[in-house]
Amino acid sequence: MGQDTHWETHPVTPDRFDDFADVINPNRRTTHCWCLSHRIGAKEIEELGGGSREQAMRRLCERDVPPGVVTYQDGTPVGWCNIGARTDIPRLVQSKLIRPVDDVPVWSIVCAVVRGGHRKQGVTQHLIEGAVEWARSQGAPAVEVHPVDPQGRMDLTMAFVGTRAMYEKVGFEVIGQTDATASKMPRLVMRRTL
């Protein structure tokens with residue numbers, strides 16, 4: 001990527017929904033996760049989207065604080081980060097395996113996804129930096145993430161949790177370990193204080 005590459009990151013508001021979808025589900029498969037599993041359960045998917053995961057995610061994007069950010073490279077949507085106040089992410093709130101390490105009202109990154117065809121171009125770093133800056137603008141005192149520390153390549157089905165190295169590059173530090181695993185590896189607790 002040249003020096004004149006232009007990067008932007010924006011919350012996934014309704015007008016940016018298709019950009020988000022282009023990153024995570026370009027073929028618009030109805031059975032795709034639509035990044036809902038940490039945010040809402042089947043009952044709320046039914047209530048918000050009439051059973052449609054896509055429609056339920058559209059409703060979440062209409063809220064005052066959308067469920068994440070989209071990163072653009074020269075105007076093309078290339079990354080998605082599911083981020084929000086931990087207290088707004090029920091799967092984390094209810095987790096017995098990923099418990100809070102203290103009472104800091106952290107924001108949490110649930111996943112980071114780079115659009116196919118755009119990997120290994122520096123997208124992840126811009127995506128995470130953009131997500132952290134957005135969290136800061138919303139008053140977050142710190143951002144946490146729960147990645148793994150693989151010795152080699154990791155199972156791509158679990159790649160959304162990220163790696164220690166990926167988050168260390170953008171200023172996150174290991175502050176603990178969860179009781180959760182991904183690809184049979186322990187998930188860490190990493191934090192960046194804002």
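The values are calculated or read from the model by the stated rules, or taken from the named source; none is laboratory data. Just so we're clear, the structure is a prediction, and the values are computed from it rather than from any experiment. Here the Cβ is made from the backbone with ideal geometry for all residues, glycine too, and neighbour counts use every protein chain on show. Protein only, heavy atoms only, side chains kept; ligands, DNA and RNA dropped before computing areas. Shrake-Rupley method; radii C 1.70, N 1.55, O 1.52, S 1.80 Å.
Of note:
- FRET efficiency for E168 and T30, using Cβ-Cβ distance with R0 set to 35 Å, rounded to 0.05: 0.40
- Computed [θ] at 222 nm, deg cm²/dmol, the chain (DSSP H ≥ 4; -39,500 (n - 2.57); rounded to nearest 500): -7000 deg cm²/dmol
- Trypsin sites (Lys or Arg not before Pro) restricted to the stretch 97-159 and DSSP loop, no more than 15 other C-beta within 10 Å: R119, K120, R153
- Among the chymotrypsin sites (Phe, Trp or Tyr not before Pro) found in the stretch 1-74, not one is both in a DSSP coil and sparsely packed, with 14 or fewer other Cβ atoms within 10 Å of its Cβ.
- In this view, the solvent-accessible surface of H10, computed with a 1.4 Å probe and all protein chains in place, comes to about 50 Å².
- More than 20 Å apart - percent of Cα-Cα pairs taken over the chain: 54
- Taking all protein chains together and rolling a 1.4 Å probe, S95 ends up with roughly 30 Å² accessible.
- Annotation note: trypsin sites (Lys or Arg not before Pro) in the stretch 1-67 located in DSSP loop regions with a Cβ neighbour count of at most 13 within 10 Å are R28, R29, R63.
- Computed over protein heavy atoms with a 1.4 angstrom probe, the accessible surface ordering of D74, D103, largest first, is D103, D74.
- The order of the peptides 162-172, 75-85 by mean Cβ neighbours within 10 Å, most packed first, is 75-85, 162-172.
- For the stretch 52-194, the carbon plus sulfur part of the accessible surface works out to 48%, probe radius 1.4 Å.
- Accessible heavy-atom area order of D179, D149, D22, highest first, probe of 1.4 Å: D179, D149, D22
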